[in-house]
Amino acid sequence: MEKQIENRNVIYTLSEGLTANKISEYSQYLDQTLPDVESFDEFILNLSQTDTIDSTGVTFIISIYKKMKVLGKKFSISGATEEVQGLFKLMKLNQFFEMRS
Amino acid sequence: MIVFEKNVASTFQAVHEAVEEIMSFLKSQWPWLDKSILFKINFLLRELMNNAVEHGNKFSENKKILCRILKEDQFLVLEVTDEGDGIVLLDHAFPTDNVESLLRERNRGYQLLLEMALDVSVAGNQVKVILDLHPEQEIRME
């Protein structure tokens, strides 16, 4: 997982799967690197290099969405594969955040 | 016909490595499998095995899970057995018309199994999922 800041967007890019074996590592990285709340407007999770996901990964995304909502920030997902986007639609989660190609 | 069988340690990392091995095997055996079906197999295997590791074997170092894959005509059967006390399934579906339910942080995996697979059955500490490999008959996720 890598962090970039562009304009007032903080972008986290995953280079491996969003799966149970990686979630504690991602959570820890996020806790340690999330910028000051005043320094960004939008949190973007870049999944363009991720083609595997499980329900623990889905829960991880939901927890980030909820955290950003509490902070008053926009949350979106970018680069998700057709299959990952389909999974979010199946769970009706696409109504809560934008999924950009 | 059994096409793959493996004992897996009770950790999420062992599950991940087993799924990677199985996916490589399936791709080499049946290169015609499309990416939508491969995604579902990958997802379903992780759900079955992660649940077995966490809720069945409770991460015990002394317990293994058995993952068996069978092919019967156009159907793939994913069979996962743990060494736990058996599985109790939820007897209700989660509502899909309220925000709290949609954004819940537990009990998502089993409902996804039901939506993605052709059939899901449980007997004691074994869960069996049947998936249709025929793309024309595949239930699309969208």
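If both residues of a DSSP beta bridge must be in the protein assembly as shown, then about 70% of such bridges are antiparallel. Coupling constants for region B:42-53 follow from the phi torsions by the Karplus curve (6.51 cos²θ - 1.76 cosθ + 1.60, θ = phi - 60°), and in residue order they are 4, 4, 5, 4, 5, 4, 4, 6, 4, 4, 5, 5 Hz; glycine and proline get x. For the segment A:50-60, counting C-beta atoms of other chains within 10 Å of every residue's C-beta and taking the mean gives 6. Counting Cβ atoms of other protein chains within 10 Å of each Cβ in B:33-46 and taking the mean gives 4. For region B:56-63, the Karplus equation 6.51 cos²θ - 1.76 cosθ + 1.60, evaluated at θ = phi - 60°, returns couplings of x, 8, 6, 6, 5, 5, 8, 10 Hz by residue, with Gly and Pro reported as x.
Between region A:1-76 and region B:1-71, the C-alpha centres lie 26 angstrom from each other.
Rounded to the nearest 5, the antiparallel percentage of DSSP beta bridges internal to chain A is 25%. Here the Karplus relation 6.51 cos²θ - 1.76 cosθ + 1.60, evaluated at θ = phi - 60°, turns the backbone of region B:15-25 into coupling constants of 4, 4, 5, 5, 5, 4, 5, 5, 5, 4, 4 Hz, with x for every Gly and Pro. Taken residue by residue and averaged, Cβ atoms of other chains lying within 10 Å of the Cβ of A:8-19 number 1.
Taking 26 Å as the limit for the C-alpha separation, the pairs A:K22/A:K74; A:K3/B:K35; A:K3/A:K92; B:K27/B:K63 exceed it in the case of A:K3/B:K35; A:K3/A:K92; B:K27/B:K63. Helices in chain A, meaning DSSP H runs of at least 4 residues, each add -39500 (n - 2.57). Divided by all residues, the mean residue ellipticity at 222 nm is -12500 deg cm²/dmol.
Each reported figure results from applying straightforward, stated rules to the coordinates on display, with no laboratory input. All figures in this text were calculated on a predicted structure; none of them were measured in a lab. All Cβ positions, even for glycine, are placed from backbone atoms using ideal geometry, and neighbour counts span all protein chains on display.
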